[in-house]
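Peer 1: The structure under discussion is supplied below as structure tokens; questions concerning it will follow.
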Amino acid sequence: MNQCAILINTVNQALREPNPMETGENFRVLVVDDDVELCRMMKEYFARVGYQVEFTHDGRSGLSRALSGIYDLVILDGMLPALDGLEVLRQLRRRSSLPVIMLTARTHGRDRVAGLDSGADDYLPKPFLPEELFARIRAVMRRWKGSSLSQPEVYRSGALALNATVQSVQYGDEPLDLTGTEFQILELLVRAQGRTVSRDEISTVLYQRESRPFERSVDVHMSHLRKKLESKGLAQIVTVRGVGYTLSEGKIGQ
């Protein structure tokens, strides 16, 4: 019996056992796994412990939905169509601190190290016991809640400080008044730390899809954000033609 069949059998057996105790928690979980049958049975088991769960079966849609901001945690398979699980994790970590548990049949030590180095909060090999998965979910969420309460997410570019926890931006002691969309774009640019951010990345965060030919909405928001920064003599948004955008540090003229 292969690993996938063993895992399905394990979850199926767990479903026949008496209901687990309610946890008293109501986490919203995204599972990104291309095994549709396993996802179907996991959905039943998640419902029994009171968690809200949604599924997607390829890496590209998984990344888009993980960036939507509506989930508390992602369970991510390592081997996915469209976009590999590790690449999904790397791209997610450039833009979000959302907790991620890697759930994969890759059991070699170097695969575990690669997952953790790429930003996974935990790593559970297949096959697994459903009880262990939920124990790991609870442990990860306890750590994440504790750290998020004690340490706000603050990102800096020169004297520009962006607080992702309370969604505020300051340059020195001066606050900047941005719309929600402008804040999302600036957060992407600041997190990128000088790397050029593509239009597709921005569109994925704003609209959960790639940019479309001749679409002007990203350009309009970018123009408004650029004017707000430059009107105060602050950091400049530089257009890299045919690639995307990057944020320069310091005041204009420095």
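Peer 1: Could you please let me know if Glu37 is surrounded by fewer than 19 Cβ atoms within 10 Å (Cβ to Cβ), at pLDDT below 85 and more than 25 Å from Ser97 (Cβ to Cβ)?
Peer 2: No; evaluated as a whole, the condition is false for this residue.
Peer 1: Please give the helices (runs of 4 or more DSSP H) falling wholly within the stretch 107-193 in which 3 or more residues are modelled with pLDDT of 85 or more and assigned by TED's automatic domain parsing to the domain that holds Arg95.
Peer 2: Those helices (runs of 4 or more DSSP H) span 130-150.
Peer 1: Does the stretch 82-96 contain any residue that is in a loop (DSSP other than H, G, I, E, B), touching a strand residue (DSSP E or B) at 6+ places or on another chain (Cβ under 8 Å), buried (at least 18 other Cβ atoms within 10 Å of the Cβ) and modelled with pLDDT of 90 or more?
Peer 2: There is no residue in the stretch 82-96 that is in a loop (DSSP other than H, G, I, E, B), touching a strand residue (DSSP E or B) at 6+ places or on another chain (Cβ under 8 Å), buried (at least 18 other Cβ atoms within 10 Å of the Cβ) and modelled with pLDDT of 90 or more.
Peer 1: Any idea how many residues of the stretch 47-81 are polar (S, T, N, Q), closer than 21 Å to Met141 by Cβ and crowded, with 17+ Cβ neighbours inside 10 Å?
Peer 2: 1
Peer 1: What are the residues in the stretch 177-191 that are among the acidic types (Asp, Glu) and crowded, with 20+ Cβ neighbours inside 10 Å, if any?
Peer 2: Matches in the stretch 177-191: Glu187 only.
Peer 1: Can you go through Leu73, Leu98 and tell me which one is under 12 Å from the mean Cα position of the chain (by Cα) and touching a residue at least 60 places away in the same chain (Cβ under 8 Å)?
Peer 2: On inspection, the qualifying residue turns out to be Leu73.
The values are calculated or read from the model by the stated rules, or taken from the named source; none is laboratory data. Note that this is a predicted model, so its numbers are computed, not measured. Positions of Cβ are generated from backbone atoms using ideal geometry, with glycine treated the same way; all protein chains shown enter the neighbour counts.
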